[in-house]
1. Considering the range 271-291 alone, what residues qualify as being open to solvent by 50 Å² or more (accessible area, probe 1.4 Å) and within 23 Å of residue 209 (Cβ to Cβ)?
2. Taking the options 55, 73, name whichever one is in contact with a strand residue (DSSP E or B) (Cβ under 6 Å, 6 or more places away or on another chain) and aliphatic (A, V, I, L, M).
3. Residue by residue through the range 76-93, note down the ones that are more than 18 Å from residue 238 (Cβ to Cβ), out of contact with any Leu (no Cβ under 6 Å at 6 or more places or on another chain) and assigned to a strand (DSSP E or B).
4. Among the residues of the range 296-322, write down those that are of a type in the set (Ser, Thr, Tyr) and more than 14 Å from residue 257 (Cβ to Cβ).
5. Does the range 238-261 hold any residues that are surrounded by fewer than 16 Cβ atoms within 10 Å (Cβ to Cβ) and among the β-branched types (Val, Ile, Thr), and which are they?
6. Can residue 287 be described as touching a Ser or Thr at 6+ places or on another chain (Cβ under 9 Å) and part of a loop (DSSP other than H, G, I, E, B)?
7. Filter the range 189-220 down to residues that are modelled with pLDDT of 85 or more, among the aliphatic types (A, V, I, L, M) and closer than 21 Å to residue 117 by Cβ, then give me how many there are.
8. Please note which helices (runs of 4 or more DSSP H) are completely contained in the range 317-403 and include at least 3 residues that are open to solvent by 20 Å² or more (accessible area, probe 1.4 Å).
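The values are calculated or read from the model by the stated rules, or taken from the named source; none is laboratory data. Because the structure is a prediction, the values reported are computed rather than measured. Cβ atoms come from the backbone with ideal geometry, glycine included; neighbour counts cover every protein chain shown. Remember, those area values only see protein heavy atoms, side chains included, never the ligands or the DNA or RNA. Shrake-Rupley method; radii C 1.70, N 1.55, O 1.52, S 1.80 Å.
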Amino acid sequence: MPIRCAAAAQATASLVLEPIKKIEGTVTLPGSKSLSNRTLLLAALAEGTTVLENVLDSEDIRYMVSALEQLNVGLEVDWPARRIVVRGCGGRFDSPGGELFLGNAGTAMRPLTAAVAAAGRGTFVLDGVARMRERPIEDLVSGLRQLGVEASCTLGTQCPPVRVEARGLRPGRVELSGAVSSQYLTALLMAAPLIAITDELISAPYVAMTIQLMARFGVRVEERAPGLRLLHVPGAQRYRSPGTAFGDVAFAEVLRRMGARVEWQARSITVQGPPRGELRAVDESCVDIPDAAMTLAVAALFARGTTVIRDVGSWRVKETERMKAIVAELTKLGADVVEGADSCTITPPPALRAAAIETYDDHRMAMAFSLAACGDQPITILDPGCTRKTFPNYFEVLESVTHR
């Protein structure tokens with residue numbers, strides 16, 4: 001029996017993927033979670049009305065939409081058409097405060113914490129599920145305090161819930177660590193003063209995405225030191241709607257280095273794998289693509305030699321503790337995996353084992369490990385419905401290009 005449709009996958013506790021001989025076809029991917037939530041928030045802060053097309057319909061985006069509605073931002077939402085009309089608040093939320101529940105959506109929690117501090121007036125508490133209460137946010141809270149905001153992690157754990165006494169930001173300079181999450185810098189950039197970064201910035205392409213989006217909405221960011229280490233946002237700027245708007249593609253180049261043929265077009269990427277057994281192991285710094293690096297970990301099961309994935313310490317503070325999760329599940333499949341503080345080394349087994357893959361309520365664990373079915377053994381994905389966070393019909397799309 002092949003995999004069931006997406007609706008069934010959402011409702012079932014497990015999903016058995018029979019061995020896949022070939023994946024071939026054309027897939028139209030859903031909109032980006034990171035792009036969708038950033039654009040929604042910028043449109044909400046802007047003057048004027050913005051029409052967003054191809055917005056991702058997923059759990060994380062719906063948390064952002066719900067929060068913006070609580071902040072009295074005018075929204076016209078058409079989920080079937082993936083279209084949202086946003087009537088911007090012109091930099092001031094018409095809300096006296098309140099509690100915002102954001103699930104496990106980091107792309108909503110971090111930017112909204114800074115946004116309510118800058119654009120809100122009143123007391124706001126931002127909270128989420130149990131795992132969100134384990135994901136650090138103190139660096140961002142510290143940055144806001146440097147700008148005169150009274151903010152704190154109320155449980156004393158350096159994680160949400162976050163309480164913000166919103167009275168606006170004062171102009172100034174912020175020193176911010178870039179070692180844990182690029183979302184802290186993204187949040188402060190969107191809220192806007194002078195920022196200096198300490199430590200190497202992980203996921204720099206996401207910050208570049210934020211700067212490009214801010215430019216689309218009429219706000220200029222000046223880079224005053226290489227590597228996004230010193231950024232200046234001039235004062236007296238306002239977000240203005242561009243009317244219609246609307247990282248990880250660098251992973252395609254990693255696949256090329258592993259032996260795949262990659263062709264780039266204006267709106268598509270074509271990837272053709274090498275003959276079975278000819279995929280090459282790589283030694284990669286994945287500081288810019290930590291999410292896509294999870295797929296590399298599974299691809300390593302099919303590579304000749306030992307693959308080293310470096311600079312992925314951020315895995316430990318994602319939707320789950322991804323380092324330990326990846327090591328545990330790869331080991332079930334027979335791989336020899338060595339865990340480092342911010343790296344892992346993967347040596348594939350002579351033959352993959354059949355296994356039931358724990359997904360830890362992490363959408364990327366389910367999607368990445370589904371590709372282990374390209375071996376000769378069935379793979380069971382537990383809680384396949386966790387893909388609702390970013391790609392609700394993932395298994396239906398996978399089935400559409402699967403040949404057995």
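1. Scanning the range 271-291 gives 271, 285, 288.
2. Criteria check complete, one pass: 55.
3. Within the range 76-93, 76, 77, 78, 83, 85 meet the criteria.
4. Hits for the range 296-322 are 306, 314, 320.
5. 244, 249
6. yes
7. Of the residues in that region, 8 qualify.
8. In the range 317-403, the matching helices (runs of 4 or more DSSP H) lie at 322-332, 394-400.
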